[in-house]
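So the structure is just underneath, and the comments pick up after that.
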Amino acid sequence: MSSIRSTGIMTHGHQHDCARGSETGSRDWSDTPMPITPTPRLPLLPLAAAALAIGIFIFDTLSPMQFAVAVLYVVVVFMAATYYQRWGVVLAAGACSVLTVLSYLLAHGLTFEGTAPDRSLVSLAAIGITTFLALMYVSAQERLRHTERHRANLARFFSPQRVDQLMEIDTPLSVARYQPAAVLFVDMVGFTAYCSTMAPDAVIAMLRNLLAFLSASVFSHEGTIDKFLGDGLLAVFGAPVPSPRDATNAARCALDMLHSVDRWNEHDHRSGDAAIRVAVGIHYGDVVQGDIGSEKQLELTVLGDTVNIASRVEGHCRSLDAAVLVTEAVVDALHSEGSDDLAARFADQGRHTLRGRAEPVHLYGVSRSALSWPDACC
């Protein structure tokens, strides 16, 4: 079973665009613990177990029947296993053992003749074996709950197929690694102005729908959600598990996002200035993945220059009025992956100096007017 850590999955570790961060009100949702449904417990079970133990003790002490009555204490131990954790099982087993010995002393004193000592030893052995089995049962239940928590946490950031794959790997995701990946940033264009006249609950409802569409596109193209950014998200294609078509998946995901948002606008009869628009930026290169943070809180994250460039490329979409911008590295990767037709969809936008970077970056883009459905995302 994988030793995947459940603390912060793929959270974005670089300094994201501060100006836009204040606009989106971004929040690191990966630190939000998954709600865990507590195991239902019967409040009368401990009282019933205690009453049963007392009844067995009285019967074992006063009954003239010549058999190991104390063996019935195993029922008490099993009842404790269904209600308590390990400490409860051990405590119940210890109490039953004490009652077994006390019953023998009250009935036979310090004499060790006949079959009475043998019956008591059989009872103590049965309690010991039952305790061992009960502890094994409790451990299995704890491992099962732990695995379910891992799966629920991973399902927020990975597709169902990728979750199954990650649950089987032996190498922890927290182990630092350096690998190529396509990094995608997407967020809503004009979020502040668009939501300025909306009620808070309407803003939250709109963002939930938007992020649901964007997340579905990421998952359907074998991507990983690194972080939600308020009105957008950061996705990675190729980390933690690389594939031979990471750049292709990222480019198709970007076009599919635009298609999904357009269909959403059409469904809700939004057009013109009322239509919701998103901008997407993609860069391909090496990223560093590993745990960062403090002892109290560690986050599994991707970071590096590739992530920073992807963020700047997405922010430059406004300057070029582009729906999607990708770097030359992405186009080169598309050609190397055999996606020449997909690469041809991105028109040459020339070299541009991005904010915070000294060297200009060669960009390719897709304008909204150049999009043609339904084959744009294929």
*asked:* Condition first: under 20 Å from the mean Cα position of the chain (by Cα) and over 26 Å from Ser319 (Cα atoms). Can you find one or more residues in region 241-250 that meet it?
replied: yes
*asked:* Looking at region 251-307 only, could you name the residues that are out of contact with any Leu (no Cβ under 9 Å at 6 or more places or on another chain), at pLDDT 90 or above and in a helix (DSSP H, G or I)?
replied: Asp256, Arg263, Asn265, Glu266, His267, Asp305, Thr306
*asked:* I want to confirm something. Restricting to region 50-69 and keeping residues that are at pLDDT 70 or above and small (Gly, Ala, Ser), which single residue is surrounded by the most Cβ atoms within 10 Å (Cβ to Cβ)?
replied: Ala53
*Conditions: (1) in contact with a Gly (Cβ under 8 Å, 6 or more places away or on another chain); (2) assigned to a helix (DSSP H, G or I); (3) surrounded by fewer than 21 Cβ atoms within 10 Å (Cβ to Cβ). Ser311 meets all but one. Number of the miss?*
(3)
*Filter region 318-334 down to residues that are in a helix (DSSP H, G or I) and at pLDDT 95 or above and give me whichever is surrounded by the fewest Cβ atoms within 10 Å (Cβ to Cβ).*
Asp332
*In region 85-122, which residues are free of Cβ contacts under 8 Å to residues at least 24 places away in the same chain, surrounded by 12 or more Cβ atoms within 10 Å (Cβ to Cβ) and either part of a loop (DSSP other than H, G, I, E, B) or of a type in the set (Ser, Thr, Tyr) (or both)?*
Tyr104
_Just to be sure I understand, how many residues within region 362-375 are modelled with pLDDT under 95 and surrounded by fewer than 19 Cβ atoms within 10 Å (Cβ to Cβ)?_
9
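The values are calculated or read from the model by the stated rules, or taken from the named source; none is laboratory data. None of the values given here were measured: they were computed from a predicted structure. Quick reminder, even Gly has a Cβ in these numbers, built from the backbone with ideal geometry, and neighbours come from all protein chains shown.
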